[in-house]
Each structure stands twice: as structure tokens, then as C-alpha cells.
1. Leaving out ligands and nucleic acids, and using a 1.4 Å probe, what accessible area per residue does the chain come to in Å²?
2. Rounded to whole Å and sorted largest first, list the principal axis extents of the Cα atoms in region 357-501.
3. Take the Cα atoms of the chain, find their three principal axes, and give me the spread along each one in whole Å, biggest first.
4. Within the chain, what's the longest stretch lacking chymotrypsin sites (Phe, Trp or Tyr not before Pro) that sit in DSSP loops with no more than 13 other Cβ atoms inside 10 Å?
5. Give the aspartates and glutamates whose C-alpha is closer than 13 Å to that of K123, dropping any in the same chain fewer than 8 places away, or say none.
6. Would you work out if region 269-422 is rounded, prolate or oblate? Take a ≥ b ≥ c from the square roots of the eigenvalues of the alpha-carbon gyration tensor; rounded if a/c is under 1.5, else prolate when a/b is larger than b/c, oblate otherwise.
7. For region 374-421, would you read off the P(r) tail past 18 Å as a percentage of all alpha carbon pairs?
8. Quick one: length gained pulling D469 to L87 fully straight, 0.36 nm per residue minus the C-alpha distance?
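The values are calculated or read from the model by the stated rules, or taken from the named source; none is laboratory data. All figures in this text were calculated on a predicted structure; none of them were measured in a lab. Glycine gets a Cβ as well: all are built from the backbone with ideal geometry, and neighbour counts include every protein chain shown. We work out accessible area using only protein heavy atoms, side chains counted, and drop any ligands, DNA or RNA first. Shrake-Rupley method; radii C 1.70, N 1.55, O 1.52, S 1.80 Å.
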Amino acid sequence: MAHHSICLDLLFWEKFSHQSKFQRKLYHYGTFPQDFNWGVSSSAYQIEGAWNADGKGASVWDTFSQKPGSIPANANGDVACDSYYRLDEDLYMLRALRVKSYRFSLSWSRIFPDGRRTSLNQKGVDYYNRLIDGLLAHNITPMVTLYHWDLPQALHNLGGWANVEMIDIFNDFCDFCFATFGDRVKFWMTFNQPYTIAWSGYGLGEIPPNIKNPATAPYTVAHNLIKAHATAYHTYDDKYRKSQGGLVSIALSADWFEPKDVNVPREVVAADRALQFQLGWFAHPIFKNGDYPDAMKWQVGNKSELQRLSESRLPSFTEEEKSFIRGTADMFCVNHYTTKIARHATLRLSPKSYEYDRDFSEAEESDSPSTAIDKQRAVAWGLRRLLNWIKEEYGDPEIYITENGVATDSKTTWDDPARVFYYKTYIDEALKAYDIDGVKVKGYIATSLMDSFEWLNGYKVGFGLHHVDFTNPNRPRTPKYSAHFYYQVIKDNGFPIPDDDKIWKRSQHLGHVCSHSSPGVR
């Protein structure tokens, strides 16, 4: 079993391993398919503000960020971009960009202040109805994330995602949202980055609910999140799909991991293991066989045995659960920002931790430009490799890049060449994956519509295509240079061949000499 997967690994890495740095950075002209879905994203806690307005309940992010010292400059999302009151301004920006879709999230505690249907807050529902109707009035497709980290505080008090009862509680919320908005929303994501929830929220304890239990909590929480996702998917399937005809998936986060040395099998296996422990943790059960990746089962099982535990710290699914989980996504949604270099390492047995279970070390890709966020370098070529890996690993699914973008210092107002460079190079790698490699890339969602509350970074950095002046109570929004650039990419549907090149191309016999049609990978 292990041997078989290693052969596949080596074949996959072989495909790109002989690319020179020059080839890796070669620009590719071409366009996406006509129905390609160009969009832009945001999330409720990052933009809405109005944290306790009109009956909204507190979320774990309200509780955390309001505690002094939690976030630089004591920043919080109490007002943020004030989108709850400035919906028309948001719709105006979206219209001006000419995006086909807008990815946003629903604030659970705005709809159910204590997390339960019995606490229904109609004013919260009204807000999302206005948003959805406003998008549709301008032919913009709503792409809705049901859970983007802002757990109602009342549910955290019951144990949050570590509590198995959350599966049914979340399902009830999803059921309500499908019933209420599903006549107009046809693209749903259950969770945003379950990996981040499980590891940063319950392992490292860096983000709310700030639980630091790296040995077992991430595995328990992930187990519950996977079951909660599958349950919501089946609820949609059983009750709404026939009448509403929408799609349901989950937004998974994935860095690309490049082996330290692609000619050393052990390093290639370590890079693959890195991908399995981050992306495969959730994608393998949902898109493959209802179960965790072999690499995870083997690593965690082996370490648990050496730690003299009676069973693996990685929980197991019953056969019934496996068949319930398998296939519970209608498309592959991936959030991607950066690439790391992975190498094999034999890590310690104590303290027990998800981190040490993985037996690899990661480093930055030092050839690439750094960004305003530590360890998040701009490594465009990693995206093409990631998309190809997903295609090979998960049976050629339709893929939506549901988040991609770059942080710059918040002092940057409109002139953001670094962001333009980032989008230009990353979108071009997505184009190569589609055009040269035949990956079914169906959509690209730029992060984000505007500068907003950037989680643990507060307002020090911004991902926005629009600048927001957070010192001004009116929160004025101004398009940056990158907004104009992205508008042009959407209008051109990619990067069509410039006119002077077209003449040259026509003069080449059938274009065989031209880089676009030569076979193989460059």
C-alpha cells in the first residue's frame, strides 16, 4: 500500500522537477473558458461591524478581540468596515469591479444570537436577504460560507467544536439557511478552512476559542467538523437539492509543499506527507474514501504506540460513517496563499502534538518575495503544482480557487504594485494549470474586496482591492491600482495575446514554434 503511493508520488513530482527557474517563471498568454467564475471575497466578522446591533449575539471573536492585549493596537471587529450599515457601498464596489460572484459569510450569531433556532433574530435574516437580493439584481452570484470562524459564544460555552453535539446544532443552522436563502443561493461552502479551526483554534490556541491542546483536540475537532460538514451536505441533498439545484462544498486551505530535493525519494514522500496532513486531513475523507490519509493514520498511530497509548490519537470512522462522508462535495474549493519547502525530519515524541506527528520540517521559499505577513511569501508557481496535485490525487474534480491574495502594509493606499504582481503571476499559474495541464479550474475568487479586520494582524495589514480608511467614521472605500488591474483581467477573461505578438504568431507555421502549443510542461 505505502509502496504504491510512493510510486505515484514520484511520478507526479517528476512532471515538474526538471523545470528551470526560468521556465518556472515563464509567462503564459491565454484565456479561461467563457463561463469562468471571477469573484472576490470577504467574511462577516472581518467587515460587518455592528457587533451587537439589532439583536446580534456575541461570537468567540467578539469576546477575544474585545479583551485588551489580544490583538495589536487593541484592534477588534466591533465596527470594522461597517458593512452592516454600508451595504449599498459594498454593492457599488462589486458592481464597478464587474465580478461574476461574491463570496461572503453568514454571521451565525447575527441569525441565531445564542446559536439555536429558538433565538432567531429576524433583523439579521433581513440583512442577508438585502445583500443576496442586491447581488442578484446586478447579476452577481452569491457564494455563501456558512461558517467562517465566528462561533456563537453561547455554543463555545457548551464546549464548541470539541463537543460532538455541535454536529446537530450546526446542521440545524445550515438547514435554516438552506430553507431561507437557498431559493437564491446556489453555491454553498459549509466551513472555511477547517484546518485553521482545528489547529490554530484548538491546537496552538492562537485564534478563538484559544484552546491549547496540541495532542488530541485538533484531531477531535477535525473529526467533528468533517461529520458536521457531511451531515449538512446530506441535509441539502435530502431536502433541498431537488427544488433548489444548488452546489455544496467546503473551503479547504492548502499551501504547496515543495520537496527540499526532488531527487531524494524520502524528501518527496515528506512533501506529500505535508500535503496530506494539511489538505488531505479533510479532502481525503470527503473526496476519496471517507477516511483519513494513510500517511496520517500511520504517523499518528505509530507515534501513539511509541507514546504507550492504548489507541491512536487520530480517531477512526466506522464503515457506516465512511460511506456517509465519502463524496459529500459537489466541487473542490481551495484557499491558497503560499508555498513552503518541506524536508524529512524525525520529530520528538513528547510533548504529544499534531505538529510532531508529521515528521517533516518546513522552510520558506527563499527565492520569492516576502509579503506583509510573516512566512507568507509570494510563490506563484506553487499554485500550478497544487492544482495539478489536487487533480491527480482526487480524481480530476472541478476546482474553484475560493481565496487567493496578498497582504500589504495598511499604509498602502492606492498604489499597490506588489498586489498587482501577485495577482498577475498567481492567476497566470492558474491559467497554465487550466490551459496547459487540463486541470478543471472553474473559478477564481480574489481576497479580498476591501481592507478589513485581518484577524490576529488587526488593521496593520490589508488584503483589499479597495482601501478603507479606518480612522474615518464613514469608512470611505477607495479602489487601489490592483482593483483596476483585476477589472481588466476579468474583462479580458485572462491574459489574451497582445496584438504585436499575434502578428508574430500568425507568421509561424501552425504555431508549432510558439510556446503555447508545444507539448509537455515548461
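1. Numbers: 20840 Å² over 522 residues.
In whole numbers, the chain has 40 Å² accessible per residue.
2. 52, 50, 27
3. 69, 60, 49
4. Numbers: sites that count: Y27, W414.
Maximal segment without exposed cleavage sites: 28-413.
5. D54
6. Details: a/c = 2.53, a/b = 1.47, b/c = 1.72.
Since a/c reaches 1.5 but b/c is at least a/b, the shape of region 269-422 is classed as oblate.
7. On the way: 519 of 1128 pairs.
Tail fraction, whole percent: 46.
8. On the way: separation 382, 0.36 × 382 = 137.52 nm, distance 1.65 nm.
Extra length from D469 to L87 when fully extended: 135.9 nm.
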